[in-house]
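**Q** This structure is in structure tokens; I'll ask about it shortly.
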Amino acid sequence: MAEQKMAKEQLEKDKSTTSKKMEDLEKKLAEATTDCKSDIQKQIDDVKRQEEEWRKKEAELEEKERLAPWNVDTIGHEAFSTSRINKITDKKPVPKKTDEEDSKDMGTFFQENESLLERLGSLKGGCKATEIFLAEHPHMASDYSANWLTIEALNAAIVEDEPKMKTMAEQCIIIQYLIELSKSLNAVPTNTSIQKQFFKKFEAADPSYMKHYHDEVKAFEDRLRTRAQTKREAAMEEVENEERAKRIEASPGGLDPQEVFEELPEEMRKCFESHDIEALKGLAQVMDEEVFKFHFDRCIASGLWVPGKADEEEEEEEAVASTSNDSAAN
């Protein structure tokens with residue numbers, strides 16, 4: 001930046017010297033005799049060629065300045081005069097808020113700027129759209145805006161609304177870049193001069209800077225997707241745990257009927273799936289008695305099998321038959 005400034009100052013001096021020389025030669029040409037005019041005209045032609053060189057040099061310097069990487073040193077010293085920056089720097093630091101105060105202020109900001117936040121989060125067209133929006137609402141260049149955009153971008157990612165998430169993610173990165181610039185200049189991001197210079201440099205940024213910017217946006221989107229997946233899995237697990245607790249609470253013996261069903265031997269599971277009681281009775285005759293009893297008792301405890309009147313009558317008939325057999329034997 002300092003080198004460019006020196007080159008620009010030297011160019012201005014050279015242009016001024018050449019311009020004065022041209023004026024002197026033109027006066028001499030007007031007053032010269034015919035014999036001298038040829039030599040003076042050659043000098044004028046040389047000066048004109050020099051002026052053309054200065055114009056090319058000036059254009060090169062302007063192009064270099066326009067395409068200079070965006071950073072604290074090249075952000076635009078004409079717009080941010082020394083006196084202005086000093087004025088901002090000399091301000092007493094704002095007392096640090098407690099977490100409770102910051103949370104309260106953020107909630108108030110969200111409430112008071114709800115419609116503007118929604119507009120900011122729906123802006124399409126990248127940086128240009130943000131520039132137009134902030135020109136009307138400079139106070140929206142805030143950490144709170146970036147926080148709101150992050151929260152809503154995550155919510156969009158959770159419900160897998162990809163277009164909405166991508167739009168909000170890009171707007172969030174733009175606001176964060178602007179905030180970082182203002183911090184580096186000891187200024188506030190709501191300063192309209194800061195905002196104008198930021199967007200001016202952003203618009204003229206070289207390809208390498210824009211690649212870094214787009215990589216940053218993509219990385220943020222990837223982080224949002226990963227976090228959203230974790231949130232979805234946690235929510236599903238919470239729902240499953242709640243449903244399991246309800247099933248256990250409703251069961252007569254404190255067992256989860258779904259888990260009991262999934263742990264049944266395949267033959268028993270098919271009987272329950274088809275509600276085929278006769279097939280279940282037949283299975284009881286051929287399956288290992290202890291295995292069948294273990295799983296059947298769990299079915300009763302979980303509520304998968306509810307003993308009815310028919311079961312009670314069958315048990316009574318078996319008991320009577322057993323008693324009769326005992327009497328006959330005696």
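The values are calculated or read from the model by the stated rules, or taken from the named source; none is laboratory data. Being a predicted model, the structure only gives us computed values, none of them experimental. Heads up, the Cβs are rebuilt from the backbone with ideal geometry, glycines too, and the neighbour counts pull from every protein chain shown.
**Q** Is there a residue in the range 3-11 that is surrounded by 12 or more Cβ atoms within 10 Å (Cβ to Cβ) and modelled with pLDDT under 65?
**A** yes
**Q** Could you please let me know if Tyr144 is surrounded by fewer than 21 Cβ atoms within 10 Å (Cβ to Cβ), closer than 17 Å to His214 by Cα and without any contact (Cβ under 8 Å) to a residue 60 or more places away in the chain?
**A** Considered against the rule, which asks whether it is surrounded by fewer than 21 Cβ atoms within 10 Å (Cβ to Cβ), closer than 17 Å to His214 by Cα and without any contact (Cβ under 8 Å) to a residue 60 or more places away in the chain, Tyr144 comes out as no.
**Q** Which condition breaks for Lys201 when tested against (1) touching a Cys at 6+ places or on another chain (Cβ under 8 Å); (2) surrounded by 14 or more Cβ atoms within 10 Å (Cβ to Cβ)?
**A** The number of the failed condition is (1).
**Q** If you don't mind, another one. Considering only the range 215-271, how many residues are of a type in the set (Val, Ile, Thr), surrounded by 14 or more Cβ atoms within 10 Å (Cβ to Cβ) and within 30 Å of Ser302 (Cβ to Cβ)?
**A** 2
**Q** Being part of a helix (DSSP H, G or I) and either under 17 Å from Leu134 (Cβ atoms) or touching a Ser or Thr at 6+ places or on another chain (Cβ under 6 Å) (or both) is the filter here, so list the residues in the range 113-123 that pass it.
**A** Residues satisfying the conditions are Ser115, Leu116, Leu117, Glu118, Arg119, Leu120, Gly121.
**Q** Pick out the one residue from Thr190, Thr167 that is assigned by TED's automatic domain parsing to the domain that holds Glu114, outside any helix (DSSP H, G or I) and among the hydroxyl-bearing types (Ser, Thr, Tyr).
**A** Thr190
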